[in-house]
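Visitor: Pasting a structure below so you can have a look.
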4 protein chains.
Amino acid sequence: MNKTVLLTGFEPFNKETINPAWEAVRSLAGQEGEGYRIEVRQLPCVFGAAGEVLRAAIDELRPSVVIAVGQAGGRVDLSVERIAINIDDAPIPDNAQCQLVDQPVVAGGPAAYFSTLPIKAIVAGLRGSGLPASVSQTAGTFVCNHVFYSLMHQTAGRQVRAGFIHIPYLPQQAAAHPGAPSMALAEVVRGLTIALEVALSTRDDVCEVGGAVA
Amino acid sequence: MNKTVLLTGFEPFNKETINPAWEAVRSLAGQEGEGYRIEVRQLPCVFGAAGEVLRAAIDELRPSVVIAVGQAGGRVDLSVERIAINIDDAPIPDNAQCQLVDQPVVAGGPAAYFSTLPIKAIVAGLRGSGLPASVSQTAGTFVCNHVFYSLMHQTAGRQVRAGFIHIPYLPQQAAAHPGAPSMALAEVVRGLTIALEVALSTRDDVCEVGGAVA
Amino acid sequence: MNKTVLLTGFEPFNKETINPAWEAVRSLAGQEGEGYRIEVRQLPCVFGAAGEVLRAAIDELRPSVVIAVGQAGGRVDLSVERIAINIDDAPIPDNAQCQLVDQPVVAGGPAAYFSTLPIKAIVAGLRGSGLPASVSQTAGTFVCNHVFYSLMHQTAGRQVRAGFIHIPYLPQQAAAHPGAPSMALAEVVRGLTIALEVALSTRDDVCEVGGAVA
Amino acid sequence: MNKTVLLTGFEPFNKETINPAWEAVRSLAGQEGEGYRIEVRQLPCVFGAAGEVLRAAIDELRPSVVIAVGQAGGRVDLSVERIAINIDDAPIPDNAQCQLVDQPVVAGGPAAYFSTLPIKAIVAGLRGSGLPASVSQTAGTFVCNHVFYSLMHQTAGRQVRAGFIHIPYLPQQAAAHPGAPSMALAEVVRGLTIALEVALSTRDDVCEVGGAVA
């Protein structure tokens, strides 16, 4: 029987009319590969609500792999997040006009969770396929990190691999943000497919440097 | 009769095995559009020789528009150069292992030439088509600027529009340069087509801000 | 009786001949302010050993405040770290030529610890005094983060405020790293004094945005 | 008899309340060194008027060396400009609320002028004294470049060495621009003194790489 892979993307936020994460994710809805089938969900860019939609999807779909995807305007590559931290500290309001400052994602939860994706193998797989990628040491402190933390909290101790990938602006967004890097949609979609297949096929992550001095 | 558009790209340099400028340019060889036909030439990444190959191509083809294209590793968008300066100051050796420092491109030539492309209209056209683009105030001081200056010197006073566009790494190059931005080949090719069509169809450049404080 | 403030800085690493953190910290050795006295220690830039020297100093001095300081070449300001993570992933070897990859700082320790310094009040205090400063969401995964995590692990549950501040290159270092920002030693020293005094005088941290979208 | 060195700095612009260039320059007013005396002038940040004030000062003082200094928010070091270009293209209005787009600085003037300062020797001198410095290939297209071009046009063919140096924000400015690099005033002042002394004492510029690929 096919395993289920759940991909999530956010609705647009911060005055954008599209969200590249959702554009990429929704193009993969229903897609099947060797031994897996992709389900997708759009998450609201709203503290709290985003995590609840995610939880409902996980309860419904019982996925083997979950990759939450988010827009990181200003980043240059497919950036595979290492760690989710238990803090909401929003530099801008979310889509419900709520701007949390220094609140825990989960009161009483641990300070952080590491991704359970094989992040080094994913970066190696992406680069090997000619796609720019890197390990990221911070997913920020806005709704992306909030969802990432919620995801790891929800899946802690379960038989599911979960994590978060940040992606750059699309070219058409960068056209309105002079100086911002971008990646074409087709490249992002190809990258997500590689990432989920590596997650499905890799038991132990590879040992490759992905850290930063500071 | 069709007008001729000459596009040039360089051979790979600085330890790269491909040059995105040449990859983009050669994919347009022989292409025809409304009232024009594209000719392409590869230039050596060599001071002096690059300008001579360019001159021969211009003499042979009598183009109406010439756009020289070059790789700018680290840049984020299609960067339409404003000005070529009369200096060679090479931070790395060229492909003939020559590293000129503070030599004029053309002894006794003017300090600089402005591009005769409608650079503001090109940037507006690219952005309007969803491609990230900007005016650049410097083409550097390596072989790209050398060719740009040679081109403007050769075409000075003639009925030909000429200029230079820098492009980012391709994704597969950026995969080997963590932290470097990239653009997909298809986007670059689409951008060059827009640029040359704007150059053919625009008489007076538009008045739009494209400058920098510093 | 005076409270003790412990400041630590590292020995030089990564081919540098000085470490701005140690230069700043040692200039404050023995300094006294209203109700406090500063003690300083140099830490080896070595996984494991750095944490042991720190532990011995804490055991000996029983400080009320500990601020570990480290060089972050490429950063622009006084960057007050929010969180230490339980991972060593070294992009370069440490000073004992050891390059750990994906090892925990403390086997079985929690994924992360938040700084117990009033990081928002410190940033506000620094900016209010005309010094560039910001909250940082990642201390990297090299020896700085290693020491930061060790520090928080050692002081967990104790009556001591502890955290980490990253500082830029000194101007003389940046002179050898074209493109790198810097801060003058006097500014860094002034900033550390402000930081420790804010840490001593602030009970509850202020509520000010210090987060990042991604 | 002492030679006269003219240093200029601008009034504050772009919502700043101070201009680091003027702060640095005015602290050197009347200063004397071996064989020279420094005169300073503040320039309005206004197209046209800035050049006129400069011209009057040159006519009055008959300086041997002129260094115009300007704020470049976002730059990291003392950036010695190589070339002034004959274009005004203002991304923001000047202090007279005038925002010129694609106008020549001097109608009919040459496209550009190279600095007549020994720019490579100045950069080498600064670095040798522990100050971060680099050659810059563009002074932008705002009032700084306008003054630089005016200066070179006014001094063309005369026995005077002239050029432009861009400097970063001061720390107190960067405190209000998170993410922006800065340099301490004392470092900038020291750097300007070195620059003018190198300009007075160097006949032929040194041959050192200071260029850029793109």
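Visitor: Zone of C:Ser201 (label point 7 Å along Cα→Cβ, backbone N under 20 Å): which residues in segment C:3-25?
Guide: Those under the cut-off are C:3-7.
Visitor: In whole percent, what relative contact order does segment D:10-72 give with Cα contacts below 8 Å and a gap of six or more residues?
Guide: 36 percent.
Visitor: If you count only protein heavy atoms with a 1.4 Å probe, what accessible area per residue comes out for segment A:109-166, rounded to a whole Å²?
Guide: Each residue of segment A:109-166 exposes 24 Å² on average to a 1.4 Å probe.
Visitor: Leaving out ligands, DNA and RNA but keeping every protein chain, what accessible area does A:Cys45 have, in Å² rounded to the nearest 10, with a 1.4 Å probe?
Guide: 0
Visitor: Let me ask another. Please list, or write none, the lysines whose alpha carbon is within less than 29 Å of the alpha carbon of C:Lys3, excluding same-chain residues fewer than 8 places away.
Guide: Hits, sequence-local ones excluded: C:Lys120.
Visitor: Another question, then. Might you report the magnitude of the Cβ-based charge dipole of chain A about its Cα centre, with Lys and Arg at +1 and Asp and Glu at -1, to the nearest 20 debye?
Guide: Values: 15 positive and 20 negative charges, 66 e Å.
My answer is approximately 320 debye.
Visitor: For a label point 7 Å from the Cα of A:Ala186 along Cα→C-beta, name the residues of segment A:98-131 whose backbone N is under 17 Å from it.
Guide: A:129-131
Visitor: Kindly state, to the nearest 0.05, the FRET efficiency for B:Met1 paired with A:Glu11, given R0 = 41 Å and r defined as their beta-carbon distance.
Guide: Details: r = 53 Å, r/R0 = 1.28.
According to the calculation, E is roughly 0.20.
Visitor: Now, a different point. Give, in whole angstrom and from largest to smallest, the semi-axes √(5λ) of the equivalent ellipsoid of segment B:18-150, with λ running over the eigenvalues of the Cα gyration tensor.
Guide: 24, 18, 15
Visitor: Considering the convex hull of the alpha carbon atoms of segment C:71-113, report its projected area averaged over all viewing directions, in nm², one decimal.
Guide: Numbers: hull surface 15.8 nm².
Projected over every direction and averaged, the Cα hull of segment C:71-113 covers 3.9 nm².
Visitor: Using a 1.4 angstrom probe on heavy atoms only, work out the carbon and sulfur share of the accessible area of segment D:46-130 in %.
Guide: Here carbon and sulfur together make up 52 percent of the probe-accessible area.
Visitor: Taking each pair of different alpha-carbon atoms in segment D:1-83 once, compute 1/r for the pair, average those values, and report the inverse of that mean as the Kirkwood hydrodynamic radius in Å to one decimal.
Guide: 13.5
Visitor: For segment B:143-214, compute the orientation-averaged projected area of the C-alpha convex hull (one quarter of its surface), in nm².
Guide: Reported value for the Cα convex hull: 7.2 nm².
Visitor: Just flag the chymotrypsin sites (Phe, Trp or Tyr not before Pro) in segment C:124-161 sitting in loop per DSSP whose Cβ has no more than 16 other Cβ atoms within 10 Å.
Guide: Listed in order of number, the matching sites amount to none.
Visitor: Give me the summed buried accessible area for the C-A pair, 1.4 Å probe, to the nearest 100 Å².
Guide: The C and A chains share an interface burying roughly 2600 Å².
Visitor: Ignore the peptide's own chain and count Cβ atoms of other chains within 10 Å of each Cβ in D:96-108; give me the average, rounded.
Guide: That works out to 2 on average.
Visitor: Here is a follow-up. Explain nothing, just compute: Karplus ³J(HN,Hα) = 6.51 cos²θ - 1.76 cosθ + 1.60, θ = phi - 60°, for every residue of segment A:19-32 in order, whole Hz, x for Gly and Pro.
Guide: With coefficients 6.51, -1.76 and 1.60, one gets 10, x, 5, 5, 4, 5, 5, 5, 6, 9, 4, x, 4, 10 Hz.
Visitor: Could you work out the longest stretch of chain C that avoids the trypsin sites (Lys or Arg not before Pro) located in DSSP loops with at most 11 other Cβ atoms within 10 Å?
Guide: It works out to C:16-157.
Visitor: At a threshold of 8 angstrom on Cα-Cα distance, excluding pairs fewer than six apart, so keeping six or more, what relative contact order does chain D reach in percent? Before the final figure, lay out each step's value.
Guide: Working: 452 pairs, mean separation 56.1, N = 214.
This gives 26 percent for chain D.
Visitor: Could you work out the pair-distance distribution P(r) of segment D:81-141 from its alpha-carbon pairs, with 10 angstrom bin width and percents rounded to whole numbers?
Guide: Calculated P(r), rounded to whole percents: 20, 36, 27, 16, 0.
Visitor: How compact is segment C:82-214 by the rule of thumb for globular proteins, expressed as Cα Rg over 2.2 N^0.38 Å?
Guide: In units of the globular-protein estimate, segment C:82-214 measures up at 1.13.
Visitor: I've got another one for you. Run through the other copies and list how far each one's label point is from that of B:Pro104, in nm with one decimal, shortest first; the point sits 7 Å from Cα along Cα-Cβ.
Guide: Going from nearest to farthest copy, the values are 2.0, 7.0, 7.3 nm.
Visitor: Could you give the distance between the Cα centres of segment C:61-140 and segment A:32-100, to the whole Å?
Guide: Comparing the Cα centres of segment C:61-140 and segment A:32-100, I get a distance of 27 Å.
Visitor: Roughly what % antiparallel, to the nearest 5, for the DSSP beta bridges in the protein assembly as shown?
Guide: Restricted to the protein assembly as shown, the bridges split so that about 30 percent are antiparallel.
Visitor: While we're on this one: Local charge sum around B:Ser134 (other residues, Cβ-Cβ under 13 Å, Lys/Arg +1, Asp/Glu -1)?
Guide: Values: positive: B:Arg75, B:Arg82, B:Lys120, B:Arg127; negative: B:Asp77, B:Glu81, B:Glu208, D:Asp89.
Local charge sum for B:Ser134: 0.
Visitor: Before rounding to the nearest 500, sum -39500 (n - 2.57) across all DSSP H runs of length at least 4 in chain B and divide by the residue total; then give [θ] at 222 nm in deg cm²/dmol. Spell out each step's value before the answer.
Guide: Values: 6 runs with 64 residues, N = 214.
Value at 222 nm, helices only: -9000 deg cm²/dmol.
Visitor: Around B:Tyr36, which amide H atoms from residues at least 5 apart in sequence, or from another chain, sit under 5 Å from its own amide H, with H modelled in the peptide plane?
Guide: Amide H to amide H, under 5 Å and 5 or more residues apart or across chains, B:Tyr36 pairs with B:Lys3.
Visitor: Then there is this: Rg and Dmax of the protein assembly as shown over Cα atoms: what are they, in angstrom?
Guide: Spelled out, the Cα radius of gyration and Dmax of the protein assembly as shown are 28.4, 95 Å.
Visitor: Using a 10 Å cut-off on Cβ to Cβ distances, tally the other chain neighbours for every residue of C:120-130 and report the average as a whole number.
Guide: Going residue by residue through C:120-130 and averaging, the value is 2.
The values are calculated or read from the model by the stated rules, or taken from the named source; none is laboratory data. Everything numeric in this text was worked out from a predicted model, so none of it was measured. When we count neighbours, we look across all protein chains shown, and the Cβ atoms used for this are built from the backbone with ideal geometry, even at glycine. Heavy atoms of the whole protein, side chains included, go into the accessibility calculation; ligands, DNA and RNA do not. Shrake-Rupley method; radii C 1.70, N 1.55, O 1.52, S 1.80 Å.
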